[in-house]
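Structure first, then comments.
Read the figures in this text as sums done on the coordinates, not as results from a lab. The model shown is predicted, which means the values in this text are computed figures rather than measured ones. Cβ sites come from the backbone with ideal geometry, for glycine too, and all protein chains shown count toward neighbours.
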Amino acid sequence: LQSGESAKKKSYFKYREFSSVGLEHLPYKQRVGGSTPSTPTVPPKSGVFYFMTYHVYILYSQSKNKYYIGYTGDSLDERLRKHNSNHKGFTGRTGDWQIVYTEKYLTKQEAYKREREIKSWKSRKKIEAVIGLGHPDL
């Protein structure tokens, strides 16, 4: 590069280095250099990796004498709380749902596939065979 071109590039980058465009969308009003934050967003080096797990679960309602099959990426306790809350929908009408069976998966796709498989059985006997002795009323 010629010295004149180098000076132009330096002045251009100096001007663009800390643009204020889009500051309203950044936490703590970080300064922006181009399209990347000038403050690096590096995860802590704790050496611990967290993998999101997904669960396929079967609920049982004693008052309805019915099963409900679902999957979630939330904690099972939180998901059960939502099912037992008063809301519109199949599980919202009674508040006595209990988790009677769970399976753990690493990906959402695997959990969804397993949920669809269990739902496709449409057989109470087959569902109860999967649950086994984990259900007190069997």
Using modelled backbone amide H atoms (1.01 Å from N, in-plane), which distant-in-sequence or interchain residues come within less than 5 Å of residue 64's amide H?
none
Fraction of the pair-distance distribution of segment 60-138 above 19 Å, Cα-Cα pairs, percent:
40
Are there trypsin sites (Lys or Arg not before Pro) in segment 49-138 that DSSP puts in a loop and that have at most 13 other Cβ atoms within 10 Å, and which ones?
88, 93, 122
For the table 64/119; 82/113; 88/125; 66/125, the rows whose alpha-carbon distance is greater than 20 Å are 82/113; 88/125
